[in-house]
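Input: a single structure, listed below in structure tokens.
Rule-based calculations on the coordinates, nothing more; no lab input. A quick note: this is a predicted structure, and the numbers were derived from the prediction, not measured. Please note: Cβ atoms are built from the backbone with ideal geometry, for glycine as well, and neighbour counts cover all protein chains shown.
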């Protein structure tokens, strides 16, 4: 492994993170919040650590595929660690465990929070709404840069990564097959980020001109496009009590769950590319199907049928929020009955499309496993037949099928092991499986004591560290992290 090059890239990204903390400091200065000094201290310490390390390791960067896995995993850990400093230095979150949990939840776009109603001053705002503007912006901003991936972001703006860009791109881009739009990976990264930034700007303007404050519209833009789910309200999006805001956010959550290469083609006039893509059609079909079933379930549960539009809107919002792994809420789905909750629980494992900012297993993998299972059933009837596995028009190779099946095995094994460990800590079964699924799927709200109206504050410290690891595992597609634990990785 090229240790010097790995440290150089890591140092450059840490330095960049320290500089971006100044954006949060600007908001604190503008609103006259008392946390300005703490954020500046966090920025100074981060830059002081990263800049000298970068200076003493500078030189020609050489990265192998093995180095790419190391850079991505260590970068995410470093971003979570240094990203926790603004929470600590402003006394927003006083303990390292909780601050790291909140930071890891942010950069992995999970959206699980430990901030409960105990935060705030007596007689004043409580919970999330008691936090300063600088801290609120920071927890939203780290989700935005984590959404498309800090590594892809770095490839796009840091020319020093040059040669090693392909290795980082393969290690970071979610989904079984990285979709390179341009021959050069740096061009691809720039295009993805231009699309990401453009759609983000469009959402912010629609929220702002719809009546949301500039600060709130910016924070919700940052966390919607990242499918992160951090909000500036205790009641999440439901706290605005606005039908317009809900539909705007539904639309942009939906876009964030789509492969961004399709958005690039759509922006260039090829709108039919969406419906030529089998994964997109499956994604759209799942959303419509789950929304219809949950809507009917809720309709039958109410004595008078309720307000049909409210029932439909709540169903649609929650389905899109969960399947894209955003985690926003407008209603308490734990009041919808076990059937609806179980459907939402299943969606936590599915996730968005490959190449989107969503988490979960990804729809393309679900389709691949399904098609492969059907082909194996046919092969039992026709043992000598050659039955290819296709997803849409794409022929899926045996290598991708093996990769997908291995991913599925590791994903499920991590879910079972973590759920078991949480129950061993005295956490009830519903909360344990809900917290695990929400963490490894990068969703945020789960079931039981970590449901949509609750948070993770009451969990034991060890549980928070374990769930933080699950967030990292899910965000980096399992293999990127798991490979570092293999003996072969550390052999020369």
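Starting at 0 and stepping by 5 Å, how many percent of the alpha carbon pairs of segment 220-329 end up in each bin?
The percentages, shortest bin first, are 2, 12, 20, 21, 19, 14, 8, 4, 1, 0.
How are the alpha carbon pair distances in segment 251-316 distributed across 10 Å bins from zero to the largest one, expressed in percent?
Result, from short to long distances: 19, 39, 23, 15, 4 percent.
Which value in Å is the Kirkwood Rh of segment 228-273 over different Cα pairs?
Final number for the Kirkwood radius of segment 228-273 is 12.4 Å.
Using a basic spin-label model with each label point 7 Å from the Cα along Cα→Cβ, how many nm lie between residue 300 and residue 373?
2.4 nm
For segment 188-253, what does the alpha-carbon gyration tensor say about shape, rounded, prolate or oblate, given a ≥ b ≥ c as the root eigenvalues, a/c under 1.5 as rounded, and a/b over b/c as prolate?
In terms of gyration-tensor shape, prolate.
So, how do all the Cα-to-Cα distances of segment 43-114 break down into 10 Å bins, in percent, from 0 on up?
18, 40, 30, 12, 0
Using alpha carbons only, what's the Rg to Rh ratio of segment 368-407 with Rh from Kirkwood?
That ratio is 0.96, to two decimals.
Give the order of 193, 338, 144, 465 when sorted by the count of other beta carbons within 10 angstrom, beginning with the fewest.
Least to most surrounded, the residues fall as 338, 465, 193, 144.
R0 = 41 Å: FRET efficiency of residue 309 with residue 55, Cβ-based, nearest 0.05?
Step by step, r from the Cβ atoms, then E = 0.10.
When a footprinting reagent is the concern and you count Cβ atoms within 10 Å, what order do 309, 220 take, fewest first?
309, 220
Computed over the Cα atoms of segment 336-409, what is the ratio Rg over Rh, Rh following Kirkwood?
1.07
Normalise the Debye intensity by I(0) for segment 440-492, one equal point scatterer per Cα, no solvent, then take log10 at q = 0.26 Å⁻¹ and round to two decimals.
For segment 440-492 at q = 0.26 Å⁻¹, log10 I(q)/I(0) is -1.02.
How big is D for segment 346-386, in µm² s⁻¹ as a whole number, if Stokes-Einstein is applied with the Kirkwood radius of its Cα pairs at 25 °C and 0.890 mPa s?
For the chosen part, D equals 213 µm²/s.
Once you place label points 7 Å from the Cα toward the Cβ at residue 205 and residue 409, how far apart are they in nm?
That separation, rounded to one decimal, is 5.0 nm.
Using a Debye calculation, one point per C-alpha and no hydration shell, please list log10 I(q)/I(0) for segment 359-492 at q = 0.09 Å⁻¹ in order.
-0.37
Relative to the compact globular guide of 2.2 N^0.38 Å, what is the alpha carbon radius of gyration of the chain, as a ratio?
0.95
Full extension from residue 381 to residue 398: what is 0.36 nm times the residue separation minus their Cα-Cα distance, to one decimal in nm?
4.1 nm
Could you work out the helix-only [θ] at 222 nm for the chain, with each DSSP H run of four or more residues adding -39,500 (n - 2.57) and the total divided by the number of residues, to the nearest 500 deg cm²/dmol?
-21000 deg cm²/dmol
Once the piece of chain linking residue 284 and residue 214 is laid out straight, how much longer is it, given 0.36 nm per residue of separation minus the C-alpha distance between them?
Extending this stretch completely gives an extra 22.1 nm.
What is the ratio of the Cα radius of gyration of segment 1-144 to 2.2 N^0.38 Å, where N is its residue count, to two decimals?
1.13
Please order 129, 477 by the number of other Cβ within 10 Å, starting at the fewest.
129, 477
Whole Å is fine, so just give me how far the alpha carbon centre of segment 71-109 lies from that of segment 242-273.
That distance is 30 Å.
Just how far, in whole angstrom, is segment 1-58 from segment 434-472 if you go by their alpha carbon centroids?
Here the two parts' Cα centres lie 28 Å apart.
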